[in-house]
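First up is the structure itself, then whatever we jot down about it.
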Amino acid sequence: QVQLVESGGGLVQPGGSLKLSCAASGTNFRIYTMAWYRRPPGKERDLVASITSRGYTNYADSVLGRFTISTDNAKNTVFLEMNSLKPEDTAVYYCNSLGQRYAWGQGTQVSVSS
């Protein structure tokens with residue numbers, strides 16, 4: 001059973017930065033494309049960024065140039081570095097494989113507010 005545990009969220013002012021982590025047990029990131037998703041208040045969960053086993057990345061237009069996804073394959077960890085945060089980035093952030101192969105973790109709350 002694969003378990004995904006997200007961490008690193010918090011309250012930050014507009015323009016600030018956060019780095020999220022997702023630790024996975026029982027999986028191999030070298031096989032699957034991994035991704036970060038987010039669910040803003042009252043909205044559906046959307047794809048934010050993904051990274052292939054070869055390190056190719058893709059981003060939603062709304063975060064392009066501000067967010068960076070990366071992995072540490074040796075530690076089965078996915079990161080999301082978020083810069084120039086905006087209030088509209090407020091959401092619960094989750095990681096999963098592209099295609100949502102695994103059970104969802106609890107997510108980590110990111111709140112951007114002055």
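The values are calculated or read from the model by the stated rules, or taken from the named source; none is laboratory data. These figures come from a predicted structure and were not determined experimentally. Because the Cβ atoms are built from the backbone with ideal geometry, glycine has one as well, and the counts that use them run over all protein chains shown. SASA here: full protein model, heavy atoms, side chains in, ligands and nucleic acids out. Shrake-Rupley method; radii C 1.70, N 1.55, O 1.52, S 1.80 Å.
Observations on the structure shown:
- Strands (runs of 3 or more DSSP E) fully within the range 1-90 that include at least 2 residues being within 17 Å of Val110 (Cα to Cα) and touching a residue at least 60 places away in the same chain (Cβ under 8 Å): 3-7, 10-12, 18-25, 34-39, 77-82.
- Filtered residues of the range 6-49 (kept if hydrophobic (A, V, I, L, M, F, W, C), surrounded by fewer than 17 Cβ atoms within 10 Å (Cβ to Cβ) and more than 15 Å from Thr71 (Cβ to Cβ)): Leu11, Leu47
- Being over 21 Å from Glu88 (Cβ atoms), among the charged types (D, E, K, R) and surrounded by fewer than 16 Cβ atoms within 10 Å (Cβ to Cβ) is a condition met by at least one residue of the range 52-62.
- Any hit, the range 103-113, residues being open to solvent by 50 Å² or more (accessible area, probe 1.4 Å) and in a strand (DSSP E or B): yes
Matching residues to (1) modelled with pLDDT of 95 or more; (2) on the phi > 0 side of the Ramachandran plot; (3) under 15 Å from the mean Cα position of the chain (by Cα):
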residue	(1), (2), (3)
Val2	no, no, no
Val5	yes, no, yes
Pro14	yes, no, no
Phe29	no, no, yes
Gly42	yes, yes, no
Phe67	yes, no, yes
Lys75	no, no, no
Leu85	yes, no, yes
Thr90	yes, no, yes
